[in-house]
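No lab work stands behind these numbers, since they all come straight from the coordinates. Quantities reported herein were computed from a predicted structural model and do not represent experimental measurements. Backbone-built Cβ (ideal geometry, glycine too); neighbour counts: all protein chains shown.
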């Protein structure tokens, strides 16, 4: 479990955005969509650093990787960028869904 923890930390903001963003679009929560989006983006930053730190500690604890090469950290850093990109893409899609829904309700 300790080995997959960095990847779990990366998807937490995305899952929060999907669940709470959908609830905000359907107006079943008191939080606004903008505040949910800001919270998840701000949550992504420390969780990204924490995932890199945990992955680094995992690598340092493993005696097989004692060469201290930083190239082995590349997949977790790439996963951080991918998770951030997916989060922003989810926010944009949910924003357009919300805008379309609001326009439809006004008519």
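Some notes on this structure:
- If you check 91, 45, 97 for being closer than 17 Å to residue 22 by Cβ and within 13 Å of the chain's Cα centre (by Cα), only one passes: 91.
- Every listed requirement among (1) under 25 Å from residue 6 (Cα atoms); (2) within 18 Å of the chain's Cα centre (by Cα); (3) free of Cβ contacts under 8 Å to residues at least 40 places away in the same chain is met by residue 37 save one, (3).
- Of residues in the range 54-80 being part of a helix (DSSP H, G or I) and loosely packed, with under 11 Cβ neighbours inside 10 Å, the one nearest to the chain's Cα centre (by Cα): 78
- If you go through the range 4-30 and keep only what is surrounded by fewer than 18 Cβ atoms within 10 Å (Cβ to Cβ), assigned to a helix (DSSP H, G or I) and free of Cβ contacts under 8 Å to residues at least 40 places away in the same chain, you end up with 8, 12, 15, 16, 19, 23.
- Those residues of the range 71-86 which are over 18 Å from residue 4 (Cβ atoms) and touching a residue at least 40 places away in the same chain (Cβ under 8 Å), in sequence order: 84
- Meets criteria (surrounded by 12 or more Cβ atoms within 10 Å (Cβ to Cβ) and within 15 Å of residue 5 (Cβ to Cβ)) for residue 47: yes
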